[in-house]
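Take a look at the structure set out below.
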Amino acid sequence: MKIPIIFEDNHLLLVEKPVNIPVQEDTSGDADLLTLLKEDIKVRYEKPGNVYLGLVHRLDRPVGGVMVFAKTSKAASRLSDILRKRELERTYLAVVRGVPQKKKAVLEHYLFKDTKKNKVSTVRANHANAKKAVLEYEVISSTEQLSLLSIRLHTGRSHQIRVQLSATGFPLYGDQKYGQQVNRPGQQIALWAHELEFVHPTTKEIIEVQSQPPNEYPWNLW
């Protein structure tokens with residue numbers, strides 16, 4: 001599988017993650033993005049032995065779009081610090097069921113993850129192990145039944161966008177886990193990691209890259 005490379009230098013590797021591929025090895029045994037990228041670097045640069053590639057953030061398996069990896073341990077450490085300080089700007093595109101009344105809004109929820117079921121739910125703030133989740137969205141365009149949203153994450157919780165929008169009454173198109181009442185099996189979730197912006201951990205230049213969703217339904221409605 002050829003993974004599209006968006007940006008690369010001695011410190012960073014930014015790629016477009018294909019849909020339905022795990023970011024790292026899991027119980028499915030399917031080919032994962034991290035291993036594929038390591039193998040690609042090994043071949044392209046004729047590197048002997050193991051290749052270092054630091055995983056800094058994740059995308060859910062069915063989600064595609066831009067991701068950044070660190071090619072050195074120093075870059076990985078600095079990127080992790082940038083992420084922790086919320087200085088990594090992440091923008092997503094999503095197609096949701098319905099038309100939100102508010103064209104712009106900030107959503108705040110407290111989330112709890114059931115690790116055994118790999119499912120996240122909204123809970124009260126005083127719930128044990130609850131984590132605050134914050135995002136802001138803007139409606140770009142709508143049809144009678146679907147809306148295209150631009151989403152900026154303020155926190156990076158597991159399944160955050162999917163859970164928060166579903167809890168607000170606007171589940172993502174194709175999301176069977178958090179919108180099974182309105183989505184059919186086989187539909188591809190319409191969530192795409194559209195843009196990353198951050199200060200390069202070594203050169204200090206502004207890195208701003210984009211990845212566009214595929215030209216297929218429901219994305220091609222707009």
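The values are calculated or read from the model by the stated rules, or taken from the named source; none is laboratory data. The shown structure was predicted, so the numbers you read here are calculated from the model rather than taken from an experiment. Remember, those area values only see protein heavy atoms, side chains included, never the ligands or the DNA or RNA. Shrake-Rupley method; radii C 1.70, N 1.55, O 1.52, S 1.80 Å.
Where the convex hull is taken over the Cα atoms of the range 69-162, what is its projected area averaged over directions, in nm²? Before the final figure, lay out the partial values.
Working: hull surface 32.3 nm².
Convex hull of Cα atoms, orientation-averaged projection: 8.1 nm².
Restricting everything to alpha-carbon atoms, can you work out Rg to Rh for the range 59-110 with a Kirkwood hydrodynamic radius? Walk me through the numbers on the way to the answer.
Working: Rg = 15.5 Å, Rh = 14.4 Å.
Rounded to two decimals, Rg over Rh is 1.08.
Per Stokes-Einstein, at 37 °C and 0.692 mPa s, what whole-number D in µm² s⁻¹ belongs to the range 1-133, with the Kirkwood radius over Cα pairs as the hydrodynamic radius?
Working: Rh = 17.4 Å.
Once the numbers are plugged in, D ends up at 189 µm²/s.
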**Prompt:** In the full protein assembly as shown, how much of TYR92 is accessible to a 1.4 Å probe, in Å² to the nearest 10?
**Reply:** 20
**Message:** Using Stokes-Einstein with the Kirkwood hydrodynamic radius over Cα pairs, what translational diffusion coefficient do you get for the range 115-222 at 37 °C and a viscosity of 0.692 mPa s, in µm²/s rounded to a whole number?
**Reply:** 206
**Asked** Hey, what did the range 1-86 get for relative contact order, percent, Cα under 8 Å, at least 6 apart?
**Response** 32
**Prompt:** Tell me which aspartates and glutamates have Cα within less than 18 Å of LYS74's Cα, excluding those fewer than 8 residues away on the same chain?
**Reply:** GLU8, ASP9, GLU87, GLU205
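Sort MET67, MET1 by accessible area with a 1.4 Å probe, largest first. If you can, show how the numbers build up before the last one.
Numbers: MET67 0, MET1 150 Å².
Largest accessible area first, the list is MET1, MET67.
At a 1.4 Å probe radius, carbon and sulfur cover how many percent of the accessible area of the range 1-78?
Working: 2020 of 4080 Å².
C and S atoms contribute 49 percent here.
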**Asked** What is the diffusion coefficient of the chain in µm²/s, taking the Kirkwood radius over Cα pairs and the Stokes-Einstein relation at 37 °C with a viscosity of 0.692 mPa s?
**Response** 178
**Prompt:** In the structure displayed, which of LYS2/LYS113; LYS131/LYS177; LYS2/LYS47; LYS104/LYS177 lie more than 30 Å apart, Cα to Cα?
**Reply:** LYS2/LYS113
**the range 1-70: C-alpha pair distances exceeding 17 Å, %** = 37
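Helix-derived [θ] at 222 nm for the chain: sum -39500 (n - 2.57) over DSSP H runs of at least 4, divide by residue count, nearest 500? Spell out each step's value before the answer.
Numbers: 3 runs with 32 residues, N = 222.
About -4500 deg cm²/dmol.
Any idea of the accessible area per residue across the range 153-222, 1.4 Å probe, to the nearest Å²?
On the way: 3300 Å² over 70 residues.
Heavy-atom accessible area per residue stands at 47 Å².
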**Request:** Collect residues whose amide H, placed 1.01 Å from N in the peptide plane, falls under 5 Å from the amide H of GLY65; neighbours closer than 5 in sequence don't count.
**Result:** LYS17, ALA193
**Message:** Give me the Å³ per residue figure for the convex hull around the C-alpha atoms of the range 166-222.
**Reply:** 137
**Message:** Just the number please: accessible area per residue for the range 52-128, 1.4 Å probe, all protein chains included, in Å².
**Reply:** 57
